[in-house]
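The values are calculated or read from the model by the stated rules, or taken from the named source; none is laboratory data. Note that this is a predicted model, so its numbers are computed, not measured. Every residue, glycine as well, gets a Cβ built from its backbone with ideal geometry; the counts of neighbours run over all protein chains shown.
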Amino acid sequence: MITETVLSFAEALGARVLRATGFLGRMGIFLGAALVRAALPPYRVGNILRQVHFIGVKSVFVISLTAAFTGMVLALQGYYTLRKFGSEGLLGPAVALSLIRELGPVLSALMVTGRAGSALTAEIGIMRIGEQIDSLETMGIDPIRFLVAPRLLAFLLSVPLLTAIFDVVGIYGGYLVGVHLLGVNGGVYFGEMKASVELADVANGVWKSLAFSLIIAWVCTFKGYFTGRGAEGVSNATTSAVVVSSVLVLVCDYFLTSVLL
């Protein structure tokens, strides 16, 4: 009896491992196919620009609003922490480095995931359940090249630019609170920032934003492309895409930080 129980448990565990391995393999093959098709011509410039407008331009407001209040909160928290050590003049570098190296790329990626990634998953998922993807295959059109590659390129273009906007707006949000509310000298705020922030810090933020944009595009397009049937399938795929993308962004952020520091 005990032997049968152990064998049954081992069989169930093995089946789960095999399913997980197959799923990861399918995700890897999907990403490889999308990257190859995105790198090879012809490039659908019009389609890419439409996706850049949807992912990038339409996200500017929410990115700017989030960045402004993030910078303000950093300035408030940083000031009261630095004041204990008599280092209020270092508020500018504290805000700038926190945004450029960490919060800018991460929060931008999370906001883009919630606003554009979810919509992208739902859009492709509706195409799947509406048999539009099947129709493309019937007509001899590669759906990955037609649907996935332009969105992948658009994410790679848009997210780093949105991250740059986030950093700039956040720094000025910190300036408003630090200088006009808390009384830090404006020249010291920017002067210490200029002396402390290096090109390597900016490069680290750019590399992170590129990695996060790839993760978001990969997961969201994959979930939409292989969505389940019906409205429930699209709903589950959209929810799963947002959750998995957000978690992977945070996990990837840790490993990138440990490598880039």
Of all the helices (runs of 4 or more DSSP H) wholly in the stretch 67-169, which have at least 3 residues that are closer than 22 Å to Val249 by Cα and in contact with a Leu (Cβ under 8 Å, 6 or more places away or on another chain)?
-> 104-112
Across (1) modelled with pLDDT under 90; (2) on the phi < 0 side of the Ramachandran plot; (3) surrounded by fewer than 16 Cβ atoms within 10 Å (Cβ to Cβ); (4) not hydrophobic (A, V, I, L, M, F, W, C), His53 clears everything bar (1)
Does the stretch 38-54 contain any residue that is polar (S, T, N, Q), without any contact (Cβ under 8 Å) to a residue 60 or more places away in the chain and in a helix (DSSP H, G or I)?
-> no
State all residues of the stretch 40-96 that are touching a Pro at 6+ places or on another chain (Cβ under 7 Å) and of a type in the set (S, T, N, Q); if no residue qualifies, say none.
-> Asn47, Gln51
Return the total of residues in the stretch 69-87 being crowded, with 19+ Cβ neighbours inside 10 Å and farther than 21 Å from Asn204 by Cβ.
-> 3
Touching a residue at least 24 places away in the same chain (Cβ under 8 Å), loosely packed, with under 15 Cβ neighbours inside 10 Å and assigned to a helix (DSSP H, G or I) - does that describe any residue in the stretch 22-30?
-> yes
Please enumerate the residues belonging to the stretch 182-198 that are closer than 20 Å to Leu103 by Cβ, assigned to a helix (DSSP H, G or I) and out of contact with any Gly (no Cβ under 9 Å at 6 or more places or on another chain).
-> none
Which of the residues belonging to the stretch 245-255 are surrounded by fewer than 17 Cβ atoms within 10 Å (Cβ to Cβ) and either in contact (Cβ under 8 Å) with a residue 24 or more places away in the chain or not in a helix (DSSP H, G or I) (or both)?
-> Leu250
